[in-house]
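All remarks here apply to the structure that follows.
The values are calculated or read from the model by the stated rules, or taken from the named source; none is laboratory data. Small disclaimer: the values here were computed from a predicted structure and weren't measured. When we count neighbours, we look across all protein chains shown, and the Cβ atoms used for this are built from the backbone with ideal geometry, even at glycine. Calculation scope for accessible area: heavy atoms of the full protein, side chains included, ligands and nucleic acids excluded. Shrake-Rupley method; radii C 1.70, N 1.55, O 1.52, S 1.80 Å.
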Amino acid sequence: MSDQELASPRTRTFLPTLIVSVFFGAAAGAVGTLVILAYVAPNLAWQGASFQVRSELSPRRDESDSALGRTLEPAGRATVMLAVAKTGTGILERAYVPGDAVAAGLVLTSDGWLVTYGDAALAKVKRAQDLVAVVGAKAYPVRRAVRDPYSGITFLKVDAVNLPVTAFGSTEGIEAGGMLYAPDAAVGMRRLSVLAFDAAPAGSVDDLLRSSERLQRVIRVAGGPLPVGAMVLSGKGEVVGVIAEEGAFGLVVVPVEAFSGVIGPVLRDKEPVRPVLGLNYVDLSQMVSSDAAGPARGALVAASADGKRAAVLKKGPAEAAGIKAGDLVVAVDGEQVTAKNPLADAIAEYAAGDVVTLTMQNGRTKKETAVDVTLGASASP
(Lines give C-alpha, C1' and ligand atoms only; values in the text may rest on other atoms or scores of the structure.)
Protein backbone atom coordinates (compact mmCIF):
# COMPACT_ATOMS: atom_id res chain seq x y z
CA MET A 1 0.00 0.00 0.00
CA SER A 2 1.47 3.38 -0.98
CA ASP A 3 1.73 6.44 1.23
CA GLN A 4 -0.81 8.14 -1.03
CA GLU A 5 -3.28 5.33 -0.48
CA LEU A 6 -2.81 5.56 3.29
CA ALA A 7 -3.52 9.27 3.27
CA SER A 8 -6.20 9.37 0.57
CA PRO A 9 -9.55 10.49 1.99
CA ARG A 10 -11.49 8.66 -0.71
CA THR A 11 -9.92 5.24 -0.11
CA ARG A 12 -9.74 5.05 3.65
CA THR A 13 -13.33 4.36 4.64
CA PHE A 14 -13.17 0.61 5.13
CA LEU A 15 -9.56 -0.57 5.24
CA PRO A 16 -8.95 -4.33 5.52
CA THR A 17 -6.81 -5.76 8.25
CA LEU A 18 -3.30 -5.66 6.90
CA ILE A 19 0.23 -6.13 8.14
CA VAL A 20 2.91 -4.33 6.16
CA SER A 21 6.55 -3.48 6.61
CA VAL A 22 7.02 0.27 6.42
CA PHE A 23 10.30 1.82 5.37
CA PHE A 24 11.08 5.51 5.21
CA GLY A 25 14.50 5.47 3.55
CA ALA A 26 18.04 5.56 4.82
CA ALA A 27 17.56 8.68 6.90
CA ALA A 28 14.57 7.42 8.82
CA GLY A 29 15.48 3.75 8.86
CA ALA A 30 13.09 0.84 9.00
CA VAL A 31 9.99 1.48 11.07
CA GLY A 32 9.20 -2.19 11.36
CA THR A 33 6.00 -4.15 11.18
CA LEU A 34 2.86 -2.03 11.19
CA VAL A 35 -0.64 -3.33 11.61
CA ILE A 36 -2.76 -0.83 9.70
CA LEU A 37 -5.59 0.35 11.92
CA ALA A 38 -4.79 -1.21 15.22
CA TYR A 39 -3.05 -0.75 18.49
CA VAL A 40 -4.61 -0.38 21.85
CA ALA A 41 -4.48 0.32 25.61
CA PRO A 42 -2.15 -0.99 28.38
CA ASN A 43 -2.63 -2.41 31.82
CA LEU A 44 -4.63 -5.54 30.94
CA ALA A 45 -1.69 -7.68 29.90
CA TRP A 46 0.44 -5.73 32.34
CA GLN A 47 -1.79 -6.76 35.22
CA GLY A 48 -2.20 -10.30 33.90
CA ALA A 49 -5.98 -10.01 33.50
CA SER A 50 -7.81 -13.05 32.17
CA PHE A 51 -9.66 -11.15 29.43
CA GLN A 52 -12.96 -12.74 30.33
CA VAL A 53 -15.93 -10.94 28.80
CA ARG A 54 -17.82 -9.21 31.58
CA SER A 55 -20.49 -6.56 31.92
CA GLU A 56 -22.87 -5.27 34.55
CA LEU A 57 -25.50 -5.61 31.86
CA SER A 58 -24.72 -9.27 31.23
CA PRO A 59 -23.01 -10.82 34.27
CA ARG A 60 -23.40 -14.43 33.15
CA ARG A 61 -20.59 -16.16 31.26
CA ASP A 62 -20.83 -19.24 29.06
CA GLU A 63 -18.74 -21.06 26.45
CA SER A 64 -19.49 -18.43 23.80
CA ASP A 65 -18.13 -15.77 26.15
CA SER A 66 -14.98 -17.82 26.68
CA ALA A 67 -14.46 -18.22 22.94
CA LEU A 68 -15.00 -14.51 22.43
CA GLY A 69 -12.55 -13.74 25.21
CA ARG A 70 -9.88 -15.81 23.46
CA THR A 71 -10.52 -13.88 20.25
CA LEU A 72 -10.23 -10.53 22.00
CA GLU A 73 -7.27 -11.39 24.23
CA PRO A 74 -4.48 -10.58 21.70
CA ALA A 75 -5.84 -7.05 21.23
CA GLY A 76 -5.62 -6.40 24.97
CA ARG A 77 -1.87 -6.88 24.91
CA ALA A 78 -1.59 -3.66 22.89
CA THR A 79 -3.28 -1.64 25.62
CA VAL A 80 -1.48 1.48 26.84
CA MET A 81 -1.72 3.21 30.21
CA LEU A 82 -0.60 6.84 30.26
CA ALA A 83 0.77 8.24 33.51
CA VAL A 84 2.81 11.16 34.79
CA ALA A 85 6.50 10.23 34.84
CA LYS A 86 7.97 9.43 38.25
CA THR A 87 11.39 10.66 39.32
CA GLY A 88 11.99 8.64 42.48
CA THR A 89 14.98 6.36 42.96
CA GLY A 90 13.46 3.61 45.11
CA ILE A 91 11.75 0.58 43.58
CA LEU A 92 8.32 1.60 44.90
CA GLU A 93 8.86 5.21 43.85
CA ARG A 94 9.43 4.05 40.28
CA ALA A 95 6.53 1.59 40.12
CA TYR A 96 3.36 2.35 38.12
CA VAL A 97 -0.02 1.02 39.21
CA PRO A 98 -3.51 1.40 37.63
CA GLY A 99 -4.26 4.23 40.05
CA ASP A 100 -1.56 6.31 38.33
CA ALA A 101 -3.42 6.29 35.01
CA VAL A 102 -4.40 9.70 33.59
CA ALA A 103 -5.65 8.25 30.29
CA ALA A 104 -5.54 5.11 28.18
CA GLY A 105 -4.37 4.45 24.65
CA LEU A 106 -3.34 1.82 22.16
CA VAL A 107 -0.20 0.85 20.29
CA LEU A 108 -0.21 1.95 16.67
CA THR A 109 3.17 0.65 15.48
CA SER A 110 5.62 -1.83 16.88
CA ASP A 111 8.33 0.87 16.99
CA GLY A 112 6.42 3.12 19.37
CA TRP A 113 3.66 5.21 17.81
CA LEU A 114 0.61 5.26 20.10
CA VAL A 115 -2.96 6.57 19.89
CA THR A 116 -4.99 8.31 22.59
CA TYR A 117 -7.67 10.98 22.63
CA GLY A 118 -7.44 14.72 23.20
CA ASP A 119 -5.63 16.30 26.11
CA ALA A 120 -6.76 13.97 28.91
CA ALA A 121 -3.13 13.01 29.58
CA LEU A 122 -1.34 16.11 28.27
CA ALA A 123 -3.40 18.41 30.50
CA LYS A 124 -1.77 16.81 33.55
CA VAL A 125 1.74 17.87 32.56
CA LYS A 126 3.57 20.89 31.18
CA ARG A 127 4.96 18.99 28.22
CA ALA A 128 4.50 15.64 26.54
CA GLN A 129 7.93 14.49 27.74
CA ASP A 130 6.60 14.45 31.31
CA LEU A 131 4.39 11.46 30.48
CA VAL A 132 5.16 7.75 30.29
CA ALA A 133 3.30 5.07 28.38
CA VAL A 134 3.03 1.72 30.15
CA VAL A 135 2.83 -1.25 27.79
CA GLY A 136 3.01 -4.69 29.33
CA ALA A 137 5.46 -4.49 32.23
CA LYS A 138 7.53 -1.57 30.96
CA ALA A 139 7.13 2.23 31.07
CA TYR A 140 8.32 4.22 28.05
CA PRO A 141 8.96 7.99 28.20
CA VAL A 142 6.84 9.95 25.70
CA ARG A 143 9.00 11.85 23.20
CA ARG A 144 6.47 13.64 21.01
CA ALA A 145 2.76 14.43 20.67
CA VAL A 146 0.85 15.17 17.45
CA ARG A 147 -2.81 16.24 17.50
CA ASP A 148 -5.35 15.70 14.71
CA PRO A 149 -7.67 18.74 14.90
CA TYR A 150 -10.62 17.12 13.11
CA SER A 151 -11.00 13.91 15.11
CA GLY A 152 -9.41 15.07 18.37
CA ILE A 153 -7.11 12.03 18.31
CA THR A 154 -3.58 12.52 19.68
CA PHE A 155 -0.63 10.47 18.42
CA LEU A 156 2.24 9.90 20.86
CA LYS A 157 5.75 8.61 20.11
CA VAL A 158 7.95 6.57 22.42
CA ASP A 159 11.29 4.86 21.74
CA ALA A 160 10.53 1.15 21.59
CA VAL A 161 10.86 -2.00 19.50
CA ASN A 162 8.60 -5.01 19.06
CA LEU A 163 5.60 -3.59 20.88
CA PRO A 164 2.45 -5.74 20.62
CA VAL A 165 -0.06 -4.47 18.06
CA THR A 166 -3.52 -5.47 16.93
CA ALA A 167 -5.57 -4.98 13.79
CA PHE A 168 -7.79 -2.04 12.94
CA GLY A 169 -11.21 -2.88 11.57
CA SER A 170 -14.17 -1.06 10.06
CA THR A 171 -17.30 0.53 11.51
CA GLU A 172 -19.35 -0.78 8.61
CA GLY A 173 -22.39 -2.57 10.01
CA ILE A 174 -22.25 -0.97 13.46
CA GLU A 175 -25.75 0.05 14.50
CA ALA A 176 -27.95 0.49 17.55
CA GLY A 177 -28.37 -2.74 19.50
CA GLY A 178 -25.03 -4.19 18.43
CA MET A 179 -22.20 -5.17 20.75
CA LEU A 180 -18.65 -3.85 21.03
CA TYR A 181 -15.88 -4.51 23.57
CA ALA A 182 -13.16 -2.66 25.46
CA PRO A 183 -10.25 -3.74 27.68
CA ASP A 184 -10.67 -2.90 31.35
CA ALA A 185 -7.90 -3.61 33.87
CA ALA A 186 -10.43 -4.29 36.63
CA VAL A 187 -12.82 -6.71 34.96
CA GLY A 188 -11.10 -7.96 31.83
CA MET A 189 -12.88 -7.30 28.52
CA ARG A 190 -15.92 -5.09 29.02
CA ARG A 191 -19.02 -5.52 26.87
CA LEU A 192 -20.47 -2.34 25.36
CA SER A 193 -23.98 -1.98 23.94
CA VAL A 194 -24.25 0.31 20.92
CA LEU A 195 -26.80 3.08 21.52
CA ALA A 196 -26.39 4.90 18.21
CA PHE A 197 -23.99 5.79 15.41
CA ASP A 198 -24.97 9.36 14.61
CA ALA A 199 -24.25 13.02 15.28
CA ALA A 200 -22.76 13.83 18.67
CA PRO A 201 -25.80 14.75 20.82
CA ALA A 202 -26.30 18.35 21.92
CA GLY A 203 -26.33 18.93 25.65
CA SER A 204 -27.38 22.56 25.19
CA VAL A 205 -28.63 24.84 22.43
CA ASP A 206 -25.08 26.10 21.91
CA ASP A 207 -24.00 22.56 21.01
CA LEU A 208 -26.30 22.64 17.96
CA LEU A 209 -23.82 24.94 16.23
CA ARG A 210 -21.27 22.76 14.43
CA SER A 211 -17.92 23.55 12.86
CA SER A 212 -17.15 22.40 9.33
CA GLU A 213 -13.73 21.33 10.65
CA ARG A 214 -14.77 19.11 13.57
CA LEU A 215 -15.97 15.50 13.60
CA GLN A 216 -19.74 15.30 13.93
CA ARG A 217 -20.74 11.65 13.58
CA VAL A 218 -19.70 9.38 16.47
CA ILE A 219 -20.57 6.03 18.04
CA ARG A 220 -22.37 6.12 21.40
CA VAL A 221 -22.22 3.08 23.69
CA ALA A 222 -23.33 2.00 27.17
CA GLY A 223 -21.40 -0.28 29.51
CA GLY A 224 -18.71 1.94 31.02
CA PRO A 225 -17.07 3.57 32.81
CA LEU A 226 -13.89 3.50 30.74
CA PRO A 227 -10.90 5.87 30.58
CA VAL A 228 -10.50 8.40 27.80
CA GLY A 229 -8.34 6.95 25.04
CA ALA A 230 -9.32 3.31 25.63
CA MET A 231 -9.70 1.22 22.49
CA VAL A 232 -13.04 -0.15 21.38
CA LEU A 233 -13.07 -3.51 19.61
CA SER A 234 -15.39 -5.44 17.35
CA GLY A 235 -16.22 -9.06 18.07
CA LYS A 236 -13.32 -9.97 15.76
CA GLY A 237 -10.86 -8.24 18.08
CA GLU A 238 -10.27 -5.35 15.65
CA VAL A 239 -10.08 -1.71 16.73
CA VAL A 240 -13.14 0.23 15.56
CA GLY A 241 -12.79 3.34 17.71
CA VAL A 242 -11.35 5.21 20.68
CA ILE A 243 -13.19 6.46 23.78
CA ALA A 244 -13.47 10.26 23.71
CA GLU A 245 -15.62 11.04 26.73
CA GLU A 246 -18.39 9.89 29.02
CA GLY A 247 -21.53 12.01 29.17
CA ALA A 248 -25.25 12.01 29.73
CA PHE A 249 -25.77 10.25 26.40
CA GLY A 250 -23.35 7.39 27.01
CA LEU A 251 -19.69 6.84 26.16
CA VAL A 252 -18.69 8.73 23.01
CA VAL A 253 -16.44 6.76 20.64
CA VAL A 254 -14.42 8.31 17.80
CA PRO A 255 -14.76 5.90 14.85
CA VAL A 256 -11.52 4.58 13.40
CA GLU A 257 -12.22 6.04 9.94
CA ALA A 258 -12.19 9.53 11.48
CA PHE A 259 -8.41 9.41 11.95
CA SER A 260 -7.10 6.57 9.77
CA GLY A 261 -6.54 8.97 6.86
CA VAL A 262 -3.82 10.91 8.72
CA ILE A 263 -1.86 7.90 9.99
CA GLY A 264 0.41 7.94 6.94
CA PRO A 265 1.61 11.54 7.38
CA VAL A 266 2.08 11.05 11.13
CA LEU A 267 4.29 8.01 10.56
CA ARG A 268 6.36 10.09 8.14
CA ASP A 269 6.87 12.66 10.92
CA LYS A 270 4.54 15.18 9.31
CA GLU A 271 1.72 17.16 10.90
CA PRO A 272 -1.80 16.00 9.96
CA VAL A 273 -3.29 18.43 7.42
CA ARG A 274 -7.07 18.62 7.16
CA PRO A 275 -9.27 20.35 4.56
CA VAL A 276 -10.90 23.63 5.63
CA LEU A 277 -14.25 25.01 4.46
CA GLY A 278 -14.46 27.74 7.09
CA LEU A 279 -18.01 28.02 8.36
CA ASN A 280 -20.28 27.18 11.28
CA TYR A 281 -23.69 25.64 10.78
CA VAL A 282 -26.77 24.11 12.33
CA ASP A 283 -27.48 20.55 11.17
CA LEU A 284 -31.19 20.69 10.41
CA SER A 285 -31.48 16.90 10.57
CA GLN A 286 -30.87 17.24 14.32
CA MET A 287 -33.74 19.67 14.80
CA VAL A 288 -37.17 18.58 15.97
CA SER A 289 -39.63 19.15 13.12
CA SER A 290 -43.40 19.53 13.10
CA ASP A 291 -43.44 18.92 9.36
CA ALA A 292 -45.34 15.76 8.48
CA ALA A 293 -42.73 15.04 5.82
CA GLY A 294 -40.12 14.58 8.53
CA PRO A 295 -37.12 16.58 9.70
CA ALA A 296 -35.41 19.00 7.36
CA ARG A 297 -31.99 18.22 5.95
CA GLY A 298 -28.95 20.29 5.19
CA ALA A 299 -26.51 22.57 6.99
CA LEU A 300 -27.80 26.07 7.74
CA VAL A 301 -24.90 28.54 7.86
CA ALA A 302 -25.25 30.38 11.19
CA ALA A 303 -23.38 32.26 13.92
CA SER A 304 -23.54 31.63 17.65
CA ALA A 305 -26.12 33.52 19.67
CA ASP A 306 -23.44 35.54 21.47
CA GLY A 307 -21.68 36.40 18.22
CA LYS A 308 -18.36 34.90 19.32
CA ARG A 309 -18.47 32.31 16.55
CA ALA A 310 -19.06 33.83 13.14
CA ALA A 311 -21.20 32.06 10.55
CA VAL A 312 -18.44 32.39 7.95
CA LEU A 313 -14.77 32.63 8.93
CA LYS A 314 -12.93 35.67 7.63
CA LYS A 315 -10.54 35.06 4.74
CA GLY A 316 -11.66 31.42 4.61
CA PRO A 317 -12.67 29.37 1.56
CA ALA A 318 -16.41 29.76 2.26
CA GLU A 319 -16.13 33.55 2.39
CA ALA A 320 -14.08 33.58 -0.82
CA ALA A 321 -16.86 31.59 -2.52
CA GLY A 322 -19.48 34.14 -1.44
CA ILE A 323 -21.28 31.96 1.12
CA LYS A 324 -23.23 33.96 3.72
CA ALA A 325 -25.16 33.43 6.93
CA GLY A 326 -28.62 32.05 6.19
CA ASP A 327 -27.47 30.00 3.21
CA LEU A 328 -28.26 26.29 3.31
CA VAL A 329 -25.79 23.63 2.14
CA VAL A 330 -27.88 20.72 0.86
CA ALA A 331 -25.27 18.65 -1.00
CA VAL A 332 -21.50 18.19 -1.48
CA ASP A 333 -20.53 17.10 -5.00
CA GLY A 334 -24.08 15.83 -5.48
CA GLU A 335 -24.21 13.82 -2.25
CA GLN A 336 -27.01 14.99 0.04
CA VAL A 337 -26.12 16.40 3.46
CA THR A 338 -28.04 14.19 5.91
CA ALA A 339 -27.84 12.81 9.44
CA LYS A 340 -25.65 9.96 8.14
CA ASN A 341 -23.58 12.30 5.96
CA PRO A 342 -23.19 15.56 7.94
CA LEU A 343 -21.37 18.47 6.34
CA ALA A 344 -18.20 18.28 8.47
CA ASP A 345 -17.73 14.58 7.81
CA ALA A 346 -18.44 14.99 4.10
CA ILE A 347 -15.76 17.70 3.81
CA ALA A 348 -13.26 15.56 5.75
CA GLU A 349 -13.34 13.02 2.90
CA TYR A 350 -11.43 15.48 0.72
CA ALA A 351 -7.91 16.91 0.84
CA ALA A 352 -6.72 20.48 1.22
CA GLY A 353 -6.67 22.15 -2.21
CA ASP A 354 -9.53 20.06 -3.62
CA VAL A 355 -12.33 21.90 -5.39
CA VAL A 356 -15.79 20.79 -4.20
CA THR A 357 -19.16 21.81 -5.54
CA LEU A 358 -21.66 22.77 -2.86
CA THR A 359 -25.33 22.80 -3.72
CA MET A 360 -26.65 25.87 -1.91
CA GLN A 361 -30.19 26.96 -1.20
CA ASN A 362 -30.87 30.64 -0.67
CA GLY A 363 -32.61 31.29 2.64
CA ARG A 364 -35.16 33.64 1.10
CA THR A 365 -35.88 32.37 -2.40
CA LYS A 366 -35.16 28.64 -1.79
CA LYS A 367 -33.48 28.68 -5.18
CA GLU A 368 -30.65 26.17 -5.52
CA THR A 369 -27.30 27.17 -6.97
CA ALA A 370 -23.97 25.38 -7.41
CA VAL A 371 -20.96 27.00 -5.72
CA ASP A 372 -17.40 25.79 -6.29
CA VAL A 373 -15.12 26.07 -3.26
CA THR A 374 -11.36 25.44 -3.11
CA LEU A 375 -10.71 23.90 0.30
CA GLY A 376 -8.02 25.39 2.49
CA ALA A 377 -5.63 23.62 4.84
CA SER A 378 -5.49 23.27 8.60
CA ALA A 379 -2.42 21.83 10.30
CA SER A 380 -2.22 20.27 13.76
CA PRO A 381 -2.53 22.86 16.58
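If the segment from Ala176 to Ser66 were pulled out straight at 0.36 nm per residue, it would be longer than the present Cα-Cα gap by 37.2 nm.
The apolar share of the surface of the range 241-377, taken as the fraction of accessible area on carbon and sulfur atoms (1.4 Å probe, ligands and nucleic acids excluded), comes to 52 percent. Near Gly298, the amide H atoms lying under 5 Å from its own belong to Leu284, Ser285; only residues 5 or more places off or on other chains count, and H is placed 1.01 Å from N.
Phi angles of the range 304-309 translate, via the Karplus equation with coefficients 6.51, -1.76, 1.60 and θ = phi - 60°, into HN-Hα couplings of 6, 4, 8, x, 6, 10 Hz per residue; Gly and Pro are given as x.
The H on the amide N of Asp354, modeled in the peptide plane, is under 5 Å from the matching H of Leu375, each at least 5 residues off or on a different chain.
Taking amide hydrogens as placed 1.01 Å from N in the peptide plane, the amide H of Ala331 sits under 5 Å from those of Val337, Thr359, each at least 5 positions away in sequence or on another chain. Modelled label positions at Glu245 and Gln336, each set 7 Å beyond Cα in the direction of Cβ, lie 3.1 nm from each other. Were the residues from Ala222 through Ala202 laid out at 0.36 nm apart, the gain over their Cα-Cα distance would be 5.5 nm. For the set Lys308/Lys366; Lys124/Lys314; Lys315/Lys367; Lys314/Lys366; Lys157/Lys340; Lys124/Lys157, the pairs lying more than 22 angstrom apart at their alpha carbons are Lys308/Lys366; Lys124/Lys314; Lys315/Lys367; Lys314/Lys366; Lys157/Lys340. Summary of packing: across the peptides 118-128, 166-176, the per-residue average of other C-beta atoms within 10 Å ranks them, highest first, as 166-176, 118-128.
Phi angles of the range 239-249 translate, via the Karplus equation with coefficients 6.51, -1.76, 1.60 and θ = phi - 60°, into HN-Hα couplings of 5, 10, x, 9, 5, 9, 6, 10, x, 5, 9 Hz per residue; Gly and Pro are given as x.
The packing ranking, built from the mean of other Cβ atoms within 10 Å per residue, places the peptides 250-261, 301-312 in the order 250-261, 301-312, highest first. For Lys86, a cut-off of 20 angstrom between C-alpha atoms picks up these aspartates and glutamates, skipping any fewer than 8 places away in its own chain: Asp100, Asp119, Asp130, Asp159. 3J(HN,Hα) couplings calculated from phi for the range 168-178 with the Karplus curve 6.51 cos²θ - 1.76 cosθ + 1.60 (θ = phi - 60°) are, in sequence order, 8, x, 10, 8, 4, x, 6, 8, 3, x, x Hz; Gly and Pro show x. Counting only aspartates and glutamates at least 8 places from Lys236 when in the same chain, those with an alpha carbon closer than 19 Å to its own are Asp62, Glu63, Asp65, Glu73, Glu172, Glu175, Asp184, Glu257. Once the 1.4 Å probe is applied to the protein heavy atoms, the range 180-242 comes out at 31 Å² accessible per residue.
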